[in-house]
1. Each residue of the stretch 63-74 in turn: what ³J(HN,Hα) in whole Hz from Karplus with 6.51, -1.76, 1.60 and θ = phi - 60°, glycine and Pro shown as x?
2. Using the Karplus curve 6.51 cos²θ - 1.76 cosθ + 1.60 with θ = phi - 60°, what ³J(HN,Hα) values do you get for each residue of the stretch 10-21, in whole Hz, with x for Gly and Pro?
3. For the pair Asn80 and Asp59, how long in nm is the line joining their label points, each one 7 Å along Cα→Cβ?
4. What number, rounded to the nearest 500 deg cm²/dmol, is the helix-based mean residue ellipticity at 222 nm of the chain, given -39500 (n - 2.57) per DSSP H run of at least four residues and division by all its residues?
5. Fewest to most neighbouring Cβ within 10 Å: what's the order for Glu82, Glu56, Glu4?
6. Need one number: nm distance between label points at Glu4 and Tyr69, each 7 Å from Cα along Cα→Cβ, rounded to one decimal.
7. Can you give the relative contact order of the chain as a percent, counting alpha carbon pairs under 8 Å and 6+ residues apart?
8. Picking from Ala18, Ala34, Ala73, which is most flexible by a Gaussian network model of the chain using Cα springs under 10 Å?
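Values quoted throughout were computed directly from the atomic coordinates according to the rules given, and no laboratory measurement underlies them. In this text the structure is predicted, and so the values were computed from the model without any measurement. Cβ placement follows ideal geometry from the backbone for every residue including glycine, while neighbour counts extend to all protein chains displayed.
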Amino acid sequence: MLAEQDARILVERALPKAHITSPISYRGLYVFQAFGPDPEEGNSDPFISVNQETGEVKDFSVITDGDPYELTALFLAKQNREGR
């Protein structure tokens, strides 16, 4: 299984200018929020996932790739644990 830090490195390589938050673990994926300078995308869809087994990096939609309520709860819990 891919370590969280290794997944972060993969996301940083894919999006070198983005501000990347700590990920949540969700259904075999690390899901990051990556806020970048892309004026067309802005911060409207900042999610990117890394498969914990294969290391595959891809865009992630909270609507089509997961349960928005569950994902929101996981991100909020992560922020609370980190003191944000």
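1. Each residue's phi maps through the Karplus curve to give 8, 9, 9, x, 8, x, 5, 5, 5, 4, 4, 5 Hz.
2. Values per residue, Gly and Pro as x: 4, 5, 4, 5, 6, 10, x, 9, 8, 8, 10, 8 Hz.
3. 3.2
4. -9500 deg cm²/dmol
5. Numbers: Glu82 9, Glu56 12, Glu4 15.
Fewest-to-most Cβ neighbours within 10 Å comes out as Glu82, Glu56, Glu4.
6. 2.6
7. Dividing the mean separation by the residue count of the chain yields 24 percent.
8. Looking only at Ala18, Ala34, Ala73, the largest GNM fluctuation is found for Ala73.
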